[in-house]
Amino acid sequence: CVCVRVFGCRQKKNANGAAGEHAYIKVPRGCVVWKVVPAGVDEHGKRVYEKAFMADLNEVNAEKLLVAEGGKGGRGNNNKNVHTSENGKPGQVVWIELELKSIADVGFVGFPNAGKSTLLGAISRACPKIAPYPFTTLAPHIGFVEFTDGSVISVADLPGLVEGAHLNIGLGHEFLRHIERTSVLCFVVDMANGETDPMETFVTLRSEVESYSADLTKKPALLVANKCDIRTAETLPKVDRLFEQMKEAYPDVPIVAVSARFGDGIPNYLKLLKKTVKKAKQSQERSYEEQLRALQNDPGTQSDGYIYIPQTQDKDTE
């Protein structure tokens, strides 16, 4: 949560006033907090603002963030010092922006018109826009996959990626920032597209993700060969060749062939998806526990659970 500290005023007889209540803003885990700072005006006379990073509330030690402190109460006069008093100090005024990146367990990564929206509709009750032209998805769509054992996996259909996205081409960073808070990357390749080789398509997608952030390629991943029902005489041999190439070049990335339109291969895909997400969550829990133990053993860790952002103050207000 994001917190603002408020201090009370001083009462008579040199007694301290009641402390003000802390003002908390509860936010979901995975929020990034930015400080918004005025940066003048542009050529059109509009105000321009800059953002400064404050904290990532997805980290182990980021449960509470102290954004601003309330004012300090002054001291009134008394019988001994009738003409002496001290004014209080106003509290800090801070503009912040909250960015939520944590969206789903699985994120679909693929070029436009690869069949990601159709795949999401085939495995969940989500109803994303589906059309025979690219860039039908301009914002993430979330679907929930329910299993017979009661477990649920959230899946995000993300906007289509284009080559050069790491340079902010196309939707660029707007797309790539969404996959930072997914546990598993699911690459979707269009097997019916005769213009590009499926293996080259996967390598390009992975390169774009890696160019944006090398840490993203460390996430568990799987590859879906979609649209296997179209021109099967041409598509199925390409699927066999893709299986062999992936086994040789990326043995740690499992692959499954499906037809999202007709549901062929979807049961096998769901089994693989559930298994991959389970391993990813177990790995995250182990990593979280290790970081937590390291923080507990660190004598410099804040005892009250707050993250303190250094604030520049005048000497008379300290």
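The values are calculated or read from the model by the stated rules, or taken from the named source; none is laboratory data. Fair warning: this is a prediction, and the values are worked out from it, not measured in the lab. Cβ placement follows ideal geometry from the backbone for every residue including glycine, while neighbour counts extend to all protein chains displayed. Quick note on the areas: whole protein, heavy atoms, side chains included, nothing else; ligands and nucleic acids left out. Shrake-Rupley method; radii C 1.70, N 1.55, O 1.52, S 1.80 Å.
Can you confirm whether residue 33 is of a type outside the set (Gly, Ala, Ser), more than 18 Å from the chain's Cα centre (by Cα) and at pLDDT 85 or above? It is false that residue 33 is of a type outside the set (Gly, Ala, Ser), more than 18 Å from the chain's Cα centre (by Cα) and at pLDDT 85 or above. Based on this model, can you work out whether residue 200 counts as open to solvent by 50 Å² or more (accessible area, probe 1.4 Å), acidic (Asp, Glu) and at pLDDT 85 or above? Answer is yes for this residue. Condition check for residue 57 on (1) at pLDDT 85 or above; (2) touching a Pro at 6+ places or on another chain (Cβ under 9 Å): one failure, at (1).
In the set 301, 317, only one residue is farther than 30 Å from residue 200 by Cα, modelled with pLDDT under 75 and in contact with a helix residue (DSSP H, G or I) (Cβ under 6 Å, 6 or more places away or on another chain); that residue is 301.
Kindly check whether there is at least one residue in the stretch 158-167 that is hydrophobic (A, V, I, L, M, F, W, C) and either closer than 20 Å to residue 246 by Cβ or at pLDDT 85 or above (or both). Scanning the stretch 158-167, I find at least one residue that is hydrophobic (A, V, I, L, M, F, W, C) and either closer than 20 Å to residue 246 by Cβ or at pLDDT 85 or above (or both), so the answer is yes. Report yes if some residue within the stretch 60-72 is modelled with pLDDT under 80, in a strand (DSSP E or B) and in contact with a Pro (Cβ under 8 Å, 6 or more places away or on another chain); otherwise report no. Within the stretch 60-72, none of the residues are modelled with pLDDT under 80, in a strand (DSSP E or B) and in contact with a Pro (Cβ under 8 Å, 6 or more places away or on another chain). Residue 143: modelled with pLDDT under 70, over 21 Å from residue 198 (Cβ atoms) and open to solvent by less than 10 Å² (accessible area, probe 1.4 Å), yes or no? So residue 143 fails the test. Within the stretch 29-47, the set of residues being farther than 12 Å from residue 94 by Cβ and surrounded by 11 or more Cβ atoms within 10 Å (Cβ to Cβ) comprises 29, 30, 31, 32, 39.
Consider residue 76 carefully, then state whether it is more than 30 Å from residue 182 (Cα to Cα), at pLDDT below 70 and surrounded by 15 or more Cβ atoms within 10 Å (Cβ to Cβ). Taking the combined requirement at face value, the residue satisfies it. Looking only at the stretch 244-262, residues that are farther than 23 Å from residue 119 by Cα and in a helix (DSSP H, G or I) come to 5 in all. Residues in the stretch 204-248 that are surrounded by 14 or more Cβ atoms within 10 Å (Cβ to Cβ), free of Cβ contacts under 8 Å to residues at least 24 places away in the same chain and within 19 Å of the chain's Cα centre (by Cα) were compared, and the one that is nearest to residue 109 (Cα to Cα) is 206.
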